[in-house]
Amino acid sequence: MKADTLRLLSTKGSRQGMWLLPLLIALGLAIWLSVQTQQFLNAGNLLNLVAQGMPLIITAIGQMFVILIGGLDLSVGSVISFTTAVLALDGPGIVLIPGVFVLAALIGLCNGVIITRFNVHPIIATLSMQYVLLGITRVLRPVSGGTVPDVVIASVSGSFLGVPLPVFWGIATIAVAWKLLYGSRFGLHLFAIGGGVASGTEDAAHNFGIRDRRNIVLAYVICSCFAALAGVFLAGRIVSGDPNVGLLFELDAITAVAIGGTQLSGGVGSLHGTVVGALVMALLANGMNLANVSPFIQTMIKGAILLLVVSLQSRKKMGL
Amino acid sequence: MRLLTKSIAAAILATTMLCGPSFAEDVFLLDGVTAREGDNPTVEAGKYKKDGPWVIGMSHFGVNANTWTVQVAHETEAAAAKDPRISKLILLDAGFDQKKQVADIEDLIAQKVDAIIVQPVTSTSADASIAKAVAAGIPVVLHTGRIESDAYTTEIQGGAEHFGKVMGDYLVEQLGGKGNIWVLRGLAGHPEDTNRYNGLKQSLEGKDITIIAEEHGDWQYDKAKKLCETLYLNNPQVDGIWSSGADMTRACVDVFKQFGAPIPPITGEGNNGFFGQWIADGFKSISAEYSPAQGAAGIRAAVALLEGKELKKHYDYNPAGWDVEKAKKYYRDDLSANVWWPSELPEEKLKELYGKN
């Protein structure tokens, strides 16, 4: 293993955050489920798990980019709903699919510009964007329905060389994010900007010659585009557009990022931690269904486990 | 000869009862549920016949959304517990989340349940998963929500348009076909809200009735109370109120009482709290029926399929509205406002879940 990779995977004193703990919890959950239920290790169920967890993995990765710079994007849920609504406009896929990414990039651009140029707090800016988008989505599609391009449906439900297609979505998303975060100067700058924000010296990166505003805007654009990608995946899963499909998804994504050891104050976090955080949440949902846990107490258990995971990490390190 | 004829007839009857297919009319689903007229295919007898014990899965659209949805879950559980051939009911809660419903149904298929009951979150939410379940040989019973696909096995549908129209027709009659009304709607974007509203619009067609205010109270008491206070303070001159849900009706009635104003004709539904208020205050109203016991009907339909009985593909549940006299027969002062009528919950369960003491 190359030294760089070893450095990225280490947790001790690094900027990668505490991602080993959630990994151990994910493994523990998986072992418990495979002992408790006969169906967990069934190939069909593992495929279900990948497909069910994929939208959250994609959205959480996007969210991680803005959290790393000390920001937050509450509009990703609305971007997802908006994307499914646009895709279900019954138009040609060749126009609609690139179209949703262009629109998502514009949304991210607006978020970034409002935050950097007008000095609006990220929570307020993206919350406002969430409401605006929700309204537009409900005008476009008041109730769920419409026709999603066949290529979108086929891309999430089929398989290639015997491997289910959602697996390729995961590999491609992680590869792109890995390149952006660890294989480019942009990724390094994100850690620098976030580190400054976390230590109370927001101009630190700027003073070292990093074009912080441009990078912050770019982080919001990337976050929106990942949300749009999750929206495309979900549109294929639900075979329709739905104005409410992304509701509260932003909170799940932030939770997944936090569980994965990324500091909400910025500067510390990792891609692999985020993926593990999202997997913990997917395992919880799938596992409680398989373990036949009553719906009356499922949410309670989910809340308790999330609290436990976050409590095991110190508040200072979490940025909470 | 007569004896011979009688013997043959008795033998045919016995054979039919013991071995032959059971016809759709034999299956009791719920009071007021009838097979849809017109083109209505038959689910052939024996197609899903399976020896017990059975595991039945259910994807509920949202257990904890309000007291009605909670009671649907309880009615389903009670009906399943009553049948000793059902070894397990796996009840999953989609929490009004379309993507979770897709995942829930996939999980039920992975668990190889014998039948799946689905309350769809939206008209398209469960289509793909339902098709997967049927392809896996699992019968799917649909209720309290239509879907665009016809991949399911059988459905029992209380029409939301019918619900809205029963209330709309009542207001049209009370207002003599003209006047101004407020419209209190449910959750924006939810198909039940849209379809109930469409039922109202059908009632108002060609009538001289104007909707002077239309707001979404999300079927919640608190939100509707604020809305009604604002509407009343803006313009108290209203001839009738169409409310999409009983909690919103109770809230609006309380607002009129708070201002000491006469309560205009207002629509309601089969909720114990609303019934108590209606009986005590004597205002003009109607109760549209939408029983939570549709949950029990879903279990009965699933059992019928597993028994190998013949069912129709489509069943409708379009009961007439209730007047206050019928409401009095159901109202229980010893139970909380959270019970919905008609219910099939056993007495001890009603007291356990909803008893005031």
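From the helices alone, meaning DSSP H stretches of at least four residues, give me the mean residue ellipticity at 222 nm for chain B, per-run term -39500 (n - 2.57), in deg cm²/dmol to the nearest 500.
Value at 222 nm, helices only, nearest 500: -13500 deg cm²/dmol.
So how far apart, in nm, are the two label points at A:V139 and A:V151 if each is 7 Å from Cα heading toward Cβ?
2.9
Which one, B:W322, B:V27, B:H60, is farthest towards the positive end of the dipole of chain B when Lys and Arg carry +1 and Asp and Glu -1 on their Cβ?
B:V27
I want to verify the translational diffusion coefficient of the protein assembly as shown in µm²/s; compute it with Stokes-Einstein, Rh as the Kirkwood radius over Cα pairs, at 4 °C and 1.567 mPa s.
Estimated via Stokes-Einstein, D reaches 48 µm²/s.
Given a cut-off of under 8 Å on Cα pairs at least six residues apart, what relative contact order in percent is computed for region B:80-162?
Relative contact order of region B:80-162: 23 percent.
Helix B:2-18: angle to the longest alpha-carbon principal axis of chain B, degrees 0 to 90, nearest 10?
70
Rounded to the nearest 0.05, what FRET efficiency do A:R117 and A:W178 give with R0 = 25 Å and r taken as the Cβ-Cβ distance? Could you check?
Once rounded, the FRET efficiency stands at 0.25.
What is the dipole size for region B:98-197, taken about its Cα centre, with +1 at each Lys and Arg Cβ and -1 at each Asp and Glu Cβ, in debye to the nearest 20?
240
Count the lysine pairs in chain A whose Cα atoms sit under 25 Å apart, keeping only pairs 8 or more residues apart in sequence or on different chains.
Taking the Cα cut-off of 25 Å, the pair count is 7.
To the nearest Å, what is the center-to-center distance of region B:166-184 and region A:65-83, using C-alpha atoms only?
Going from one Cα centre to the other spans 45 Å.
For chain B, find the longest principal axis of its Cα atoms and tell me its angle to the long axis of helix B:246-258, 0 to 90°, nearest 10.
Between the helix axis and the principal axis of chain B, the angle is about 20 degrees.
Report the label-to-label distance for B:D222 and B:E325 in nanometres (one decimal), using points 7 Å from each Cα along the Cα→Cβ vector.
In this crude label model, B:D222 to B:E325 measures out at 4.0 nm.
Taking the Cα centre as origin and putting +1 on Lys and Arg beta-carbons and -1 on Asp and Glu beta-carbons, what dipole magnitude results for the protein assembly as shown, to the nearest 20 debye?
2040
Among all helices in chain A defined by DSSP H, which have a length of 18 Å or more along the axis from Cα atoms plus a Kyte-Doolittle mean of at least -0.5?
Span-like helices, by this rule, are A:20-36, A:43-68, A:93-117, A:122-140, A:165-182, A:185-198, A:212-238, A:271-290, A:295-311.
Report the Cα centroid-to-centroid distance between region A:129-145 and region A:24-46 in angstrom, as an integer.
Rounded to whole Å, the Cα centres lie 37 Å apart.
Whole angstrom only: what separates the Cα centroid of region B:336-352 from the Cα centroid of region A:201-280?
Answer, in whole Å: 46.
Between their Cα atoms, which of B:K49/B:K309; B:K49/B:K313; B:K88/B:K351 are more than 18 Å away from each other? Let's see the in-between values first.
On the way: B:K49/B:K309 8 Å; B:K49/B:K313 16 Å; B:K88/B:K351 24 Å.
Violating the 18 Å Cα-Cα cut-off are B:K88/B:K351.
Would you work out if region B:160-288 is rounded, prolate or oblate? Take a ≥ b ≥ c from the square roots of the eigenvalues of the alpha-carbon gyration tensor; rounded if a/c is under 1.5, else prolate when a/b is larger than b/c, oblate otherwise. It would help to have the intermediate numbers written out before the result.
Working: a/c = 1.30, a/b = 1.17, b/c = 1.11.
In terms of gyration-tensor shape, rounded.
Suppose R0 equals 60 Å; then what is the FRET efficiency for B:K88 and B:T210 from their Cβ-Cβ distance, rounded to the nearest 0.05?
Values: r = 54 Å, r/R0 = 0.89.
E(calc), rounded to 0.05, equals 0.65.
Straight-line reach from B:K47: which aspartates and glutamates have Cα under 12 Å away, leaving out those fewer than 8 places along the same chain?
Cα-Cα hits under 12 Å: B:E307, B:E310.
What aspartates and glutamates does B:K201 reach when the alpha-carbon gap must be under 16 Å and sequence neighbours fewer than 8 apart in one chain are set aside?
Output for B:K201: B:E161, B:D169, B:E173, B:E192, B:D193, B:E214, B:E215.
With a ≥ b ≥ c the root eigenvalues of the C-alpha gyration tensor of chain A, is it rounded (a/c under 1.5), prolate (a/b larger than b/c) or oblate?
Oblate, because a/c is 1.5 or more while a/b does not exceed b/c.
Got a sec? Charge dipole of region A:17-314, +1 on Cβ for Lys and Arg, -1 for Asp and Glu; which of A:H272, A:A291, A:L33 is way out at the positive end?
Comparing the listed Cα positions along the dipole, A:H272 ranks first.
Considering only the other residues whose Cβ falls under 10 Å of the Cβ of B:A320, what net charge follows from Lys and Arg at +1 and Asp and Glu at -1? Numbers along the way, then the final one.
Details: positive: B:K326; negative: B:E289, B:D323.
Counting the neighbours of B:A320, the net charge comes to -1.
With the dipole of region A:160-214 worked out from charges on the C-beta (+1 for Lys and Arg, -1 for Asp and Glu) around the Cα centre, which of A:T173, A:F191, A:A204 lies farthest toward the positive end?
Positive-end residue among those listed: A:T173.
Report the net charge of residues surrounding A:N289, where surrounding means a beta-carbon distance below 11 angstrom and charges are Lys +1, Arg +1, Asp -1, Glu -1. Walk me through the intermediate numbers first.
On the way: positive: B:K100; negative: B:D93, B:D104, B:E106, B:D107.
Local net charge: -3.
Limiting things to C-alpha atoms, what are the Rg and the maximum Cα-Cα separation (Dmax) for chain B, in angstroms?
Considering chain B through its Cα atoms, Rg and Dmax are 22.3, 85 Å.
Relative to the first principal axis of the alpha-carbon coordinates of chain B, what is the inclination of helix B:160-175, with its axis defined by its Cα atoms, in degrees from 0 to 90 and to the nearest 10?
Here the helix axis deviates by roughly 40 degrees.
No lab work stands behind these numbers, since they all come straight from the coordinates. What you see is a predicted model, and the numbers here were worked out from it, not measured in a lab. For neighbour counting, all protein chains shown are included, and Cβ atoms are generated from backbone atoms with ideal geometry for every residue, glycine included.
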